[in-house]
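The values are calculated or read from the model by the stated rules, or taken from the named source; none is laboratory data. These numbers were taken from a predicted model, which means no experiment stands behind them. Note: ideal-geometry Cβ built from the backbone for every residue, glycine included; neighbour counts use all protein chains shown. Ligands, DNA and RNA are excluded from the accessible area calculation, which covers all protein heavy atoms including side chains. Shrake-Rupley method; radii C 1.70, N 1.55, O 1.52, S 1.80 Å.
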Amino acid sequence: MFYELGRYLIFIRSMFFKPERFQVFLSRTIHEMNNIGVGSLPIVAIISIFVGAVTTVQTAYQLVSPLIPLSVIGEIVSDSSMLELAPTITCLVLAGKVGANIASEVGNMRITEQIDAYEVMGINSSGFLGLPKIIAGLIMIPSLIIIANSLLIGGGIIAAKLTGIMSPSEFVQGARSTFKFFTLSVSLVKSFVFAFIITSVSTYEGYFTNGGALEVGESGTRAVTRSCVLILFFDFIIAKLML
Amino acid sequence: MIELNHVNKSFNEKQVLFDISASFVPGKPNLIIGASGCGKSVLLKCMVGLMTPETGHIVYDGRDFVSLEYEKKKDIRRELGMLFQGTALFDSLTVQENIEFPLKMFSKMTPAERIDRVNFCLERVHLKDVNDKYPAEISGGMKKRVGIARAIVLDIKYLFCDEPNSGLDPITSRVIDELLEDITSEYQITTIINSHDMKTVYDIGEKIIFIFKGKKWWEGNRHEIDAVRKENKELDSFIKASQF
């Protein structure tokens, strides 16, 4: 475990060299932003709308007292969306989609000697491959989380209206009554940390792949499981530190 | 000129290279031969900096590659080109983009100049109308030639080839051998080829180093090899096993 941690830290440090050619680095970063961000938007949208809808229905089911106003449902759904559901659920899904993709791409480059080719050319392969992915993740994943926050609340409003639990205006009134910028900032801090975990762990797993196609698959699996465990661990740490 | 001085390399407890010292003939094809697993690929990887020997020196024109700092090693690496066994073409890039890649990274050429250079290199390796194809869409022999074109697109001094004929039919193998020989003499580069193809050895081996169980067992040239094989049991077995 300590060997892996040490190797991971050395790998991360090795990425931070001056890029050989800034123009090429920029175009790679934009390409990765498209892969990570735009490519993940449909799945993030679908999951967010349904999680928002289910949370609304389940919260309404649990709040049976006539003394509690219905707008509290909006309050609970919006707060829990920002604090936990949007960053954590979305990033667990992204660990599966983006993480596996990065690990298999880099792992395949390793076993086909493409990474060696970069090194022979005098290019810092870890920085050239990894840094654009990390920067793209740090830009795009928080953006996806902001979208997920909105869609979760949107999904809640739709579910509330379709099932007749409450009117959209009651929901919005509840959501707005307790909105604090701090709640959103917790969501963003989580999304930055999770974005770094997903992209760096997956690149690391792919970069140190040894063997053939089977090992590339194993690297993908390891990238997803380790990213998920680390996301949950840091979710707890951030919650404890910030709340 | 490349010189190896007392190079040793091991993995964990297993030593794979034992005190290898040699020099290579500048401007000629030099061959490192030996059976699979004898350590010739490890030696080549040490020479290009993909692995670091435990002890010993690898000297490029008086510069000790092993002891240089990372940034200084880059200067030597810019003088190297390498053709990998599996070609190592970037599979997300087209043939043109693959060859253009080193130019984009290290030259100040304009896009038009880069395309001209790419087309010149493709013509040099006898390839036409493949600019927009992806590596997965071309044959093994064509991939090797694209690999050579990418290796020579910058003005290199040293060309390393790891088993350039592996996976190729005998006719295509000869085409690749001739191409490597022509490019070596035309650009006066020092070419170092890892091979266990004896036809290559007899055709282009101006300097041959035979590695046996991680040790330099014999060195000479293609004109001497037949004369010494009778006295060198291991070399003789290797040549016989290659059924030449």
Give the number of residues within segment A:112-121 that are more than 8 Å from chain B (Cβ to nearest Cβ) and either free of Cβ contacts under 8 Å to residues at least 12 places away in the same chain or open to solvent by 10 Å² or more (accessible area, probe 1.4 Å) (or both). 1
Anything in segment B:124-140 that is assigned to a helix (DSSP H, G or I) and within 21 Å of the chain's Cα centre (by Cα)? List them, or say none. B:124, B:135, B:140
Residues in segment A:167-220 that are basic (Lys, Arg) and assigned to a helix (DSSP H, G or I) total 2
From the residues in segment B:82-107 that are facing chain A (nearest Cβ under 8 Å) and small (Gly, Ala, Ser), which one is farthest from residue B:176 (Cα to Cα)? B:88
Inspect segment B:113-122 for any residue being polar (S, T, N, Q) and within 12 Å of another protein chain (Cβ to nearest Cβ) and give the result as yes or no. no
Only one of A:78, A:71, A:14, A:27 is among the polar types (S, T, N, Q), touching a helix residue (DSSP H, G or I) at 6+ places or on another chain (Cβ under 6 Å) and within 27 Å of residue A:205 (Cβ to Cβ). Can you tell me which? A:14
Taking the stated definitions as given, is residue A:63 free of Cβ contacts under 8 Å to residues at least 24 places away in the same chain, more than 14 Å from every other protein chain (Cβ to nearest Cβ), over 15 Å from the mean Cα position of the chain (by Cα) and under 27 Å from residue A:208 (Cβ atoms)? no
Test for residue A:73: is it free of Cβ contacts under 8 Å to residues at least 40 places away in the same chain and farther than 25 Å from residue A:189 by Cβ: no
Qualifying positions in segment B:17-30 - open to solvent by 30 Å² or more (accessible area, probe 1.4 Å) and either at pLDDT 95 or above or on the phi < 0 side of the Ramachandran plot (or both): B:18, B:21, B:23, B:25, B:26, B:28
For residues that are among the charged types (D, E, K, R) and either under 20 Å from residue B:25 (Cβ atoms) or in contact with a Cys (Cβ under 9 Å, 6 or more places away or on another chain) (or both), scanning just segment B:156-168, find the one that is farthest from the other protein chains (Cβ to nearest Cβ). B:157
Looking at segment B:109-131, can you tell me whether even one residue there is buried (at least 17 other Cβ atoms within 10 Å of the Cβ) and in contact (Cβ under 8 Å) with a residue 60 or more places away in the chain? no
Exclusive hit being at negative phi, free of Cβ contacts under 8 Å to residues at least 40 places away in the same chain, more than 12 Å from chain A (Cβ to nearest Cβ) and open to solvent by less than 20 Å² (accessible area, probe 1.4 Å), set B:46, B:38: B:46
Among residues of segment B:1-43, those that are over 27 Å from residue B:229 (Cβ atoms) and of a type in the set (Ser, Thr, Tyr), counted: 1
Condition check: away from chain A (no Cβ under 12 Å) and over 23 Å from residue B:238 (Cα atoms). Does residue B:29 satisfy that? no
Go over the candidates B:157, B:144, B:199 one by one and state the one that is basic (Lys, Arg), under 26 Å from residue B:38 (Cβ atoms) and under 15 Å from the mean Cα position of the chain (by Cα). B:144
With the requirement that a residue be in contact (Cβ under 8 Å) with a residue 60 or more places away in the chain and more than 8 Å from chain A (Cβ to nearest Cβ), what does segment B:50-80 give you? B:60, B:61, B:79
For the list (1) farther than 16 Å from residue A:11 by Cα; (2) more than 17 Å from the chain's Cα centre (by Cα), I need the number of the one condition that residue A:238 fails. (2)
Might you let me know whether segment A:125-133 holds any residue that is at pLDDT below 95 and at positive phi? no
Condition (residue is modelled with pLDDT of 95 or more and of a type in the set (Phe, Trp, Tyr)) applied to segment A:170-192: is it met by at least one residue? yes
Which of the residues spanning segment A:1-36 are charged (D, E, K, R), in contact with a Phe, Trp or Tyr (Cβ under 8 Å, 6 or more places away or on another chain) and assigned to a helix (DSSP H, G or I)? A:7, A:28
